[in-house]
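Since the structure comes first, as structure tokens, the remarks are kept for the end.
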Amino acid sequence: MSADVTLPAGRPPAANRSWRNEFMTASLATQVLLILAAIVTVIPVIWTILSSLKSNDTIFAIPMRWLPDALHWSNYSEAFEVAPFGRYFLNSAIVAASVTATTVFFGAMAGYGFSKFRFPGRDVVFGLILVTFMIPFPVIMIPLFVLVRNFGWVNTYWGLIIPGALTGFAVFMMRQFIQAIPGELFDAARIDGAGELRIFLTMVLPLARPALATLGILTFLESWNNLLWPLIVIQSEDMETIPLGLTKFSTLYSTNYTQMLAMAVIASLPVLVVFIVGRRQIINSLMLSGIKG
Amino acid sequence: MNPRGVTSQQGNRINRRRLLQAAGATGLALGAGSGLSRSTAAQQTTLTFLRHEHPPANNLEKELIQQYEQANPNIKINYVIVPDVDLFTKFQAMTVAGTPPDIVNFESSSIPAVRQRDLLAPVDLSAVGVADLAELEGRYVANALSGYVFDDQLFALPSELSDYVMWVNTQMLETAGVEAPRTWEEMSETGQKLVIRSGDQVTQEAIALPLGFPGVQFLVLDAMVRQAGGQLFSDDGREAYLTSDPVLKAVATLTGFVQTDKITDPALNGTTAGGDRDLFQNGVAAMMLTGGSWYRGTLLESKVGENAIPVPFPRYEGGPDVAGDLYGYGLTVGAKSANPAEAWKFAAMLASHGTDYFQKAEGLFIGDAETAEGGAAGEYPNWSTFKDELGKGQYPPRLYQFNEIGDIVGRTADAIIRSGDDPKAALEAAQSQVTPLLNT
Amino acid sequence: MSSLAKALPRTEEARRFMSLQRRQSLVGIGFVLPAVVFFAIFNFYAIAYALYLSFTSWDLLTPPRWVGFANYTALLSEPNFLSSLGITLRYTFEAVVPLILLSLGLALLLNQRVRFSGLYQVIYFVPVVIPAVVAAIIWGLLFRPSGVVNNAVGVVGVDPLPWLASAEYALHAIVIVSVWGGFGYATLILLAGLQSIPPEYGEAAAIDGASRWRIVKDITLPLLAPRLLFVTATSVATLLTSFVVPFVMTNGGPGTATRVLPLLIYQTGFQFLHAGQASAMAFVLLLITLVFTAVQFRLFGREVL
């Protein structure tokens, strides 16, 4: 990372030597520990990729086998035939992208409003919104469904998108971040006669970009992986999303593990790509965010 | 075979709904929320058909649906498939949404609960094309309809009739030089010869048990308790006998296989609902207890292939000649369906293809006499085994709260057999939990 | 604002200032309004409705029926509920401790100038990115008797464990999956926190002869406290409401050994036809989550806001 470790200036020679030795061994030990953690983290992933190329009875082989006997690339193409996964990817993409857009935009709006303005009841309302992100989903699962039913959104994109369109976490995060941005910038613009909306769109949003990126990625991730809500709301195959599709590999009659793993690999790719691309933004924003530390 | 057969229709329906609502056509907008079976233009009727996932049957049904829609241009079928374990949840969600499906392929154990709440329409005999119930009964094997008759009215057309027999791997039996056991007592002995270990690891187990799968475990246990001379519940579902001796005996038998004889290793089962079936299909277990005639199709596509045959469900030595429990699936029509006559016509169409189901879905038996006595079944190896067992099995009691009761009993059995909980204590706890849930 | 109004002299400036305040106030409200309306409908109304449902008996198939406090009083003596609650609390505690310790340790390690730091961060974050359904399926296979996990413990000389077939170990299995799936995120947050602590503090202490350990204990950790609190509070809240892994990996089994409360709520509402009681259970869970969060803020809390 970019933080520099500098040795204290004017150090006495003896202390210097022991410090450096300590540093060296610490450095080696550190690497070892980090590598160990990395290996443990990554083994399931490697196993998954290898197994997605096996045949089913290799999975059941005792003792366990790491490598496939032959590379069954057909698992991947066959997996797509189990259910209309092309459609599932589309649905997941539409829903995740929409939820991300609304969360980021309205979260920023609310975060800006809560941090840079004063109005009666501001802190109370903010506190209540904070509380919402402590609410376990099972509490509101059924009422949300009834609500969605009343709006006529069952089995539609609206039904999948709107209930997740904003979270308390998003508002919290944006408020923390924007709070750290000096307000004088905006006051200056006001004096110059700029409209409030203009200030928001052309100044606040660009300055908040690292936080927006992070929030966007986390939101996308959560939406892409969501299983429980689509399980309840979706009533027909063509509206299903990927997590639902993944459950289809395991029927009462048999479980096709290899195809399931193949599809699991594919299902994880988009989010992984999004993460790798946006990684720098995440790190930066986590460093600069207003959570004091 | 285009699995997306109904996609564009669905899309059309959604777009149309948006347009109509936007135009303020309140009548149609209200109609959009009150049921999917409705006429939107020129007598077009859409029927929603909810069914569980079983690829061979699903593929056949998609074909049949296409043909039916062509023959009946004013009918559209919205075919909804869900994993079996989610079927009831899906049904509830659709009901809460105000758009319950017109036709639901329920498992037989779910039907009492739904019927008791007056949510099912009785079979429309004229739409089905018979004069009376007796005539319809004539088309099926004995016992096929009995599970669906309430107060002398029929509420479902069987779409699947099955009972569990024991499937055995012929190769493994031959290698070990043993015959398939006919009794639970023989199972203990024979099983020892079928287990193969490599060090501490069981690499082949004698039998795979349906652990971690409460509903199925219930069926197996129910049969074994009857074989031991007792019952889990009274036939009318008003009393529970979970702490009776036959129950203890049945549970002890299964526990013995795991803990004492060690002819089965629960750890191998994995965590998916069909764990025992996976083990048998992939050549890790020599026997399994939860396959009906439909299982042959799955086997043929697996590593085991033709090396498996069905044999009678084991009995207790000297005990009553009771086979595995009967169960099945039935096509039902919702009481609130806007078009019950059309729905029953469609269901009857499906029910008339018994031979197709049997042949194309490899042994899926819908209970009709024509298939059972006719040529198709004759070509199925060991069909006589199934026929005999079908005659000797019984439907489980018709419990209104089956889901919950089945879950409690299944999990209790699981805890006793797998985790070694004390049977008496666990069953007593289960008895007190189950008592408030019994039929009244 | 009104006290300010009283304090200012009634001059032209004051009046303009006042209207500016009021205008700003309205603008602020305008910006938060969409969010507030949204939460009002989709959270607060939903919660209110859930509260109403918790006083009814409802099977989702026929209309709800009012039963007053019956659902709640039943819960007090309902063994399934109480045991599920116990399991949930045990699971949460057992997972959050290693999660935090591991994340903290890794963050401290990464905070030194190490090579490949960026690569490590990506690797640690990969489990976070993998859908929970996928993770549950994969780990279900890894925990097989002859699977990867038993091979790994075999390396250190331990006999194969029954994992998902045993009431005791199944819970540990879920804990492992949860820690694996979440530590990357916590590590990154803590690392970011560590890197915003000026290194001079630690160096000054080192010159004074303080050991590395003391530096961490007395300087680093206290400065890290707000982030630590954030990570712990959100982890606890997430664990208490964890559904997918127990559902997909063990379905609450063996027996009821891993049937955490969210899973029981789902089953009670959707399978057992007791949606009203499920709602009551959900509210109890909400209460517990709020209490835990409040306790954490009180114990370790400082100005996180």
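The values are calculated or read from the model by the stated rules, or taken from the named source; none is laboratory data. Just so it is clear, the structure is predicted and the values come from calculations on it, not from any experiment. Neighbour counts are summed over all protein chains in view; Cβ atoms, including those assigned to glycine, are modelled from backbone coordinates with ideal geometry. Just so you know, the surface numbers come from the protein's heavy atoms only, side chains and all, with ligands and any DNA or RNA stripped out. Shrake-Rupley method; radii C 1.70, N 1.55, O 1.52, S 1.80 Å.
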If residue B:153 satisfies all but one of (1) open to solvent by 30 Å² or more (accessible area, probe 1.4 Å); (2) touching a Gly at 6+ places or on another chain (Cβ under 6 Å); (3) not β-branched (Val, Ile, Thr), what's the number of the condition it fails? (2)
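Would you pick out the residues in region C:251-279 that are at positive phi and either within 16 Å of the chain's Cα centre (by Cα) or open to solvent by 30 Å² or more (accessible area, probe 1.4 Å) (or both)? If you could, list the steps in order and put the result at the bottom.
Here is the first cut: in region C:251-279, the ones at positive phi are C:251-252, C:255, C:273.
Answer for region C:251-279, where residues must be at positive phi and either within 16 Å of the chain's Cα centre (by Cα) or open to solvent by 30 Å² or more (accessible area, probe 1.4 Å) (or both): just C:251.
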Taking region A:176-207 only, how many residues are open to solvent by less than 20 Å² (accessible area, probe 1.4 Å) and touching a Gly at 6+ places or on another chain (Cβ under 8 Å)? 3
Go through (1) open to solvent by less than 10 Å² (accessible area, probe 1.4 Å); (2) more than 9 Å from every other protein chain (Cβ to nearest Cβ) and name the single condition residue A:168 misses. (2)
Out of everything in region A:41-62 that is open to solvent by less than 30 Å² (accessible area, probe 1.4 Å) and not in a helix (DSSP H, G or I), what residue ends up being farthest from the other protein chains (Cβ to nearest Cβ)? A:53
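What number of residues within region B:245-277 are of a type outside the set (Lys, Arg) and modelled with pLDDT of 85 or more?
Keep residues of region B:245-277 that are of a type outside the set (Lys, Arg), which gives B:245-248, B:250-261, B:263-276.
Checking which are modelled with pLDDT of 85 or more leaves us with B:245-248, B:250-261, B:263-265, B:276.
The total comes to 20.
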Exactly one of (1) under 27 Å from residue C:240 (Cβ atoms); (2) facing chain C (nearest Cβ under 7 Å) is unmet by residue A:124. Its number? (2)
Helices (runs of 4 or more DSSP H) wholly inside region B:119-206 containing at least 2 residues that are small (Gly, Ala, Ser) and at negative phi: B:125-128, B:133-138, B:184-194
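Looking at region B:186-198, is at least one residue of a type in the set (Asp, Glu) and closer than 30 Å to residue A:63 by Cβ?
Within region B:186-198, the first condition is being of a type in the set (Asp, Glu), and the residues that meet it are B:186, B:189.
Checking the rest, the ones that are also closer than 30 Å to residue A:63 by Cβ come to B:189.
The answer is yes; a qualifying residue exists.
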Right, residue C:235: more than 8 Å from every other protein chain (Cβ to nearest Cβ), part of a helix (DSSP H, G or I) and under 13 Å from the mean Cα position of the chain (by Cα) or not? yes
Kindly provide the set of residues from region A:73-88 that are in contact (Cβ under 8 Å) with a residue 24 or more places away in the chain, more than 14 Å from chain B (Cβ to nearest Cβ) and more than 21 Å from residue B:279 (Cα to Cα), ordered by number. A:76
Flagged pairs (Cβ under 7 angstrom, 6 or more apart or on separate chains; first in region C:103-119, closer than 19 Å to residue C:179 by Cα and more than 8 Å from chain A (Cβ to nearest Cβ); second surrounded by 16 or more Cβ atoms within 10 Å (Cβ to Cβ) and hydroxyl-bearing (Ser, Thr, Tyr)) are C:103/C:187; C:107/C:187
How many residues does region B:291-330 hold that are away from every other protein chain (no Cβ under 14 Å), out of contact with any Phe, Trp or Tyr (no Cβ under 9 Å at 6 or more places or on another chain) and within 30 Å of residue A:61 (Cβ to Cβ)? 1
Over region A:127-146, the set of residues facing chain C (nearest Cβ under 7 Å), of a type outside the set (A, V, I, L, M) and either part of a helix (DSSP H, G or I) or in contact (Cβ under 8 Å) with a residue 24 or more places away in the chain (or both) is A:132, A:137, A:138, A:143
Please indicate, with yes or no, whether at least one residue in region C:66-81 is within 29 Å of residue B:430 (Cβ to Cβ), surrounded by fewer than 20 Cβ atoms within 10 Å (Cβ to Cβ), of a type in the set (Asp, Glu) and within 13 Å of another protein chain (Cβ to nearest Cβ). yes
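Only one of B:373, B:362 is free of Cβ contacts under 8 Å to residues at least 60 places away in the same chain and either open to solvent by 10 Å² or more (accessible area, probe 1.4 Å) or more than 20 Å from the chain's Cα centre (by Cα) (or both). Can you tell me which?
Working: B:362 fails: free of Cβ contacts under 8 Å to residues at least 60 places away in the same chain.
Going through B:373, B:362 in turn, the sole match is B:373.
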Is it fair to say residue B:187 is within 25 Å of residue B:282 (Cβ to Cβ), modelled with pLDDT of 90 or more, in contact with a Phe, Trp or Tyr (Cβ under 6 Å, 6 or more places away or on another chain) and not β-branched (Val, Ile, Thr)? no
Scanning region B:408-429 for residues that are within 24 Å of the chain's Cα centre (by Cα) and closer than 23 Å to residue C:268 by Cα gives B:408, B:409, B:410, B:411, B:412, B:413, B:414, B:415
What's the number of the condition residue A:226 fails, among (1) open to solvent by 20 Å² or more (accessible area, probe 1.4 Å); (2) closer than 20 Å to residue A:175 by Cβ? (2)
Which count do you get for residues in region A:147-163 that are facing chain C (nearest Cβ under 9 Å) and either under 19 Å from the mean Cα position of the chain (by Cα) or part of a loop (DSSP other than H, G, I, E, B) (or both)? 2
Need pairs with beta-carbon distance below 7 Å; first residue free of Cβ contacts under 8 Å to residues at least 12 places away in the same chain and within region C:65-86, second in a loop (DSSP other than H, G, I, E, B) and surrounded by 10 or more Cβ atoms within 10 Å (Cβ to Cβ); sequence gap 6+ or separate chains. C:66/C:55
Failed criterion for residue C:49 (all others in (1) open to solvent by 70 Å² or more (accessible area, probe 1.4 Å); (2) in contact with a helix residue (DSSP H, G or I) (Cβ under 6 Å, 6 or more places away or on another chain) hold): (1)
If we scan region B:410-426, do we find a residue that is touching a helix residue (DSSP H, G or I) at 6+ places or on another chain (Cβ under 9 Å), among the hydrophobic types (A, V, I, L, M, F, W, C), more than 10 Å from every other protein chain (Cβ to nearest Cβ) and outside any loop (DSSP other than H, G, I, E, B)? no
May I ask you to list the residues in region C:280-296 that are open to solvent by less than 10 Å² (accessible area, probe 1.4 Å) and either within 7 Å of another protein chain (Cβ to nearest Cβ) or in contact with an Asp or Glu (Cβ under 6 Å, 6 or more places away or on another chain) (or both)? C:282, C:285, C:289
